[in-house]
Amino acid sequence: MIAIVGAGPAGLSAAVAAAKLGQQVILIDSSPRLGGQYWRHLPSNWGVGRPPYFAKAQELFDEVLSNPLITRFSNAHVWQAEKKAEQFNLYVVRNGVEEIVKAEKVILATGAYDRALPFPGWDLPGVMTAGAAQSMLKSHGVLVGKKFVIAGTGPFLLPVATGLAAAGAEVVGLYEANNPLRWILNLHGLILNPSKIREGIYFLKKLRSLGIKVHYGKEIQSAVSDGVLVDGKKIECDTVAIGSGFVPELSLAGILGAKLKVGADGTVVVDVDQNQQTSIPGLYAAGESTGIGGSSLAVLEGEIAGSTRKGKRLARWRAQVFATGLQRVYPVSNKWQSALTPQTILCRCEEVSLADIHGAIDELGAQDGRSAKLFTRAGMGLCQGRVCGRNVSEIVACHLSRDLTAEERINTAQRPLAAPISLGELGDGLEKNF
Amino acid sequence: MKRPEKSLAFTFNGVRIEAIEGQTIAAALLASEINVLRKTRLKNEPRSIFCGIGICWDCVVTVNGVTNQRSCLIEVVEGMVVSS
């Protein structure tokens, strides 16, 4: 039995590849719909056709739904995992009931989520991640505002800006912190992946035809209820969509003891070998959790993890060169910290401000993100530090005029539970074993 | 884009809200131009959706008496009682 966690591009392709080899697969996902965060789609009751780029997704959806070797667990959250002897036990909560999935091989395809950098006003309603605006539109047909500013860094902002404008929103500006001319220094990433050049040109044309102005090298200073401040000038809008790259979701990899490593841009990822196997025998990882690289790389990694097929390695290498280019062209420097004021909330769950963190360092002697967390509760709320963990540890290091160590970065990516679970759900015990 | 009919209804803090089948609580509320989903525990500040995908827990509400439910993940069911 192979258990796959996550039904996005990597998880779906892993499931299909494994089932083609005659393996029994359990595909576990927290959403009611297949596709993960990237292949979002409206439910069938909307009766809308699928765009051409959706062909690969549709092919995998059809195969997953029709192949009798693949069992689907949807609305299911893996909250804990262990390896005992040669077997993995995944503790899954589905519809309020806990079940154990037992498997000899586990493939983690847990994806990533937007990295959001704090600034004054980022906690106001109307400020959200680019992924949030995108998911509301693509999965629910809801435009979350009328007049948008899009800001942050990375190519993901392009489909978000053009998608919102095509759906009828006014996009008053896209503020890209970096300059894509940096690709000139990373040309091999593009030359090896001509489809990415075509994609880039497509979006540049689309931005122009939709009348969206892109401002390179610009960052938002602050947000108020009816606009944002850029270079001291107010730009009116009712909604701000932000994103500065992505944070891989590594909770389960960390719980199972897989070796994590720090990428060139400071992002923590799972360390995998040529077959996508982690440092734990039988535990594999594919997709964004092994490094942010987009859906085409995720599909290839999933196929390799599901079938350990060697034939896809060259294609994977080409896509990985592009992924490395992404890190170099769209880095996040510490510059964002200069926008913060003492009152800016850093930990949204526990409402911890920059002044609280500085107080923990200056008055209580906090030396790192962990001790700052213990003094202030930053990162102890419901999201378990997924939003603020990396930001707070970078702020602490900066305040102490030092760099973050790899160990500190890896610590902020780990958490004891992969998903919060109520004591009631635990107390009700196990329904059945798989 | 042609929208399916709003065939479901639930209440949010006592107000009747209509939703399209398959929409999450947060999606239905935002579509009804309700932007503030809750007030924070310590400073009573308004919050809405933030990550939209179940990571940040900013959009939590009480659903049929169960607290701390992520409104961006839970699909609307006819007659649901949602509060914050």
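Some observations on this one:
- Distance between region A:360-419 and region A:1-78 - C-alpha centres, whole angstrom: 35
- Note on region A:326-434: Kirkwood hydrodynamic radius from all Cα pairs is 15.4 Å, rounded to one decimal.
- Ranked from largest, the principal axis spans of the Cα set of the protein assembly as shown equal 61, 57, 55 Å.
- Sequence of A:53, A:284 once ranked by neighbouring C-beta atoms within 10 Å, starting from the fewest: A:53, A:284
- Counted over chain A, the DSSP beta bridges are approximately 45% antiparallel.
- Exposure proxy order (Cβ contacts within 10 Å, fewest to most) of A:77, A:188, A:140: A:188, A:77, A:140
- Set of lysines with alpha-carbon distance to residue A:20 below 21 Å, sequence-local pairs under 8 removed: A:56, A:102, A:105, A:310, A:312
- Residues A:271, A:123, A:114 arranged by fewest to most Cβ contacts within 10 Å: A:271, A:123, A:114
- Candidates A:202, A:38, A:216: whichever shows maximal mean-square fluctuation once chain A is modelled as a Gaussian network with Cα springs under 10 Å: A:202
- Taking the charge dipole of region A:340-411 about its Cα centre, with +1 at Lys and Arg Cβ atoms and -1 at Asp and Glu Cβ atoms, the residue from A:343, A:383, A:410 reaching farthest to the positive side is A:383.
- Extension gain (nm, one decimal) between residue A:86 and residue A:1, 0.36 nm per residue minus Cα-Cα: 29.4 nm
- Calculated FRET value between residue B:64 and residue A:380, using beta carbons and R₀ = 30 Å, to 0.05: 0.65
- Peptide-level mean, for B:12-24, of C-beta atoms on other protein chains within 10 Å: 3
- Summing +1 for each Lys or Arg and -1 for each Asp or Glu among the other residues whose beta-carbon sits under 12 angstrom from that of residue A:78 gives -4.
FYI, it's all coordinate maths here, none of it is from the lab. Treat the numbers as computed from the prediction; the structure is a model and nothing was measured. In this analysis, Cβ positions are derived from the backbone assuming ideal geometry, glycine residues included, and neighbour counts consider all displayed protein chains.
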